[in-house]
1. So TRP119 ticks every box in (1) aromatic (Phe, Trp, Tyr); (2) more than 29 Å from VAL179 (Cβ to Cβ); (3) modelled with pLDDT of 80 or more but one. Which box is left unticked?
2. So LEU190 ticks every box in (1) part of a strand (DSSP E or B); (2) more than 13 Å from the chain's Cα centre (by Cα) but one. Which box is left unticked?
3. Looking at GLY89, GLY137, GLY152, can you tell me which residue is at pLDDT 90 or above and small (Gly, Ala, Ser)?
4. Could you figure out which of (1) hydrophobic (A, V, I, L, M, F, W, C); (2) more than 22 Å from PHE185 (Cα to Cα); (3) touching a helix residue (DSSP H, G or I) at 6+ places or on another chain (Cβ under 9 Å) isn't true of LEU149?
5. Could you give me the residue pairs with C-beta distances under 8 Å whose first residue belongs to segment 119-147 and is closer than 14 Å to LEU163 by Cβ, whose second residue is assigned to a helix (DSSP H, G or I) and polar (S, T, N, Q) wherever it lies, and which are 6+ apart or on separate chains?
6. How about segment 57-86: which of its residues are in contact with a Pro (Cβ under 9 Å, 6 or more places away or on another chain) and modelled with pLDDT of 80 or more?
7. For the condition assigned to a strand (DSSP E or B) and either out of contact with any Leu (no Cβ under 7 Å at 6 or more places or on another chain) or at pLDDT below 90 (or both), what is the one hit in GLY17, GLY7?
8. Those residues that are surrounded by 19 or more Cβ atoms within 10 Å (Cβ to Cβ) and either under 28 Å from ARG199 (Cβ atoms) or touching a strand residue (DSSP E or B) at 6+ places or on another chain (Cβ under 6 Å) (or both), I need them from segment 6-29; list them, please.
Amino acid sequence: MQLADPGSDPDPLHLHGVSVAVAGTTLLEDVSLRVHPGEAVALLGANGSGKSTLIRAALGQVPVVSGDAKLYDVSTRHHAARVAWPRIGYVPQRLSAASGVPATVLEVVLTGLLGRNRWWLRRADREQALAALEELGVADLAHRPFGILSGGQAQRVVIARALVRRPDLLILDEPLAGVDLLTQFSFAALLGRLHAEGRTIVVVLHELGPFAELLDRAVVLRAGRVIHDGDLPRDHAHPHGAHDHLHVEHALPSEPPTQRSLP
């Protein structure tokens, strides 16, 4: 897939004044964010800060009560947003191998080629899916049941599913959860290559870890609000430079949580 010229392409992701509420509780409040073509951006914050909700709002998976979210300048509040989907790869919070998905690894990756406007597979799709598995180092697992994989193997397969369509924008929601350190560095190296090719990356993280050298910018959330958008906040580095930890509450000025209920 040929990447678009960053100079002429609209912003891959743009939220303007977005608020999200579920069952009367505000999960995001007046959040604005732009991700420019070719950027690698981290969404950081404690559990419950709104990171995953922001991603789901951007993808049109949760209702937005005010404001607007756009993918490549098309609002996700309208059906026209489907035109942007072929350009997007999404890795949700880890699909557990224990979830009992009745499919082989290859079949799971092939689902990444299906979408809102395409419900069939072509002859060349199998080769494309095998190439994605090869890139993640798990081509030898292609015919194994997905449900018997280890956590690290399953995460590699889910990332291959997102990469199989060669997206311009790759969104990953906590891709390091439950994954060993060696696999984390392998993921970071892969994303570094994709970033170098010009792809835009948005990744939800608890700490920078091996992604520290990859990222251009950090957006930190607390209680559904953006409290930092800019340089990567770091409070200390691991000995020998192995990785940087991020502890948001220590790295940024104190601000009391403001999550509230709607009338």
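The values are calculated or read from the model by the stated rules, or taken from the named source; none is laboratory data. None of the values given here were measured: they were computed from a predicted structure. When we count neighbours, we look across all protein chains shown, and the Cβ atoms used for this are built from the backbone with ideal geometry, even at glycine.
1. Status for TRP119: all satisfied but (3).
2. Every condition holds for LEU190 apart from (1).
3. On the way: GLY137 fails: at pLDDT 90 or above; GLY152 fails: at pLDDT 90 or above.
Being at pLDDT 90 or above and small (Gly, Ala, Ser) holds for just one of GLY89, GLY137, GLY152, which is GLY89.
4. If we test LEU149 against (1) hydrophobic (A, V, I, L, M, F, W, C); (2) more than 22 Å from PHE185 (Cα to Cα); (3) touching a helix residue (DSSP H, G or I) at 6+ places or on another chain (Cβ under 9 Å), just (2) comes out false.
5. GLY137/SER186; VAL138/GLN153
6. At the first step, the residues of segment 57-86 found to be in contact with a Pro (Cβ under 9 Å, 6 or more places away or on another chain) are 57, 70-74, 77, 84, 86.
If the condition is that a residue be in contact with a Pro (Cβ under 9 Å, 6 or more places away or on another chain) and modelled with pLDDT of 80 or more, then ALA57, LYS70, LEU71, TYR72, ASP73, VAL74, PRO86 are the ones that fit.
7. Details: GLY7 fails: assigned to a strand (DSSP E or B).
Only one candidate qualifies: GLY17.
8. At the first step, the residues of segment 6-29 found to be surrounded by 19 or more Cβ atoms within 10 Å (Cβ to Cβ) are 12-15, 18, 20-21, 26-29.
Listed by number, the residues that qualify are PRO12, LEU13, HIS14, LEU15, VAL18, VAL20, LEU27, LEU28, GLU29.
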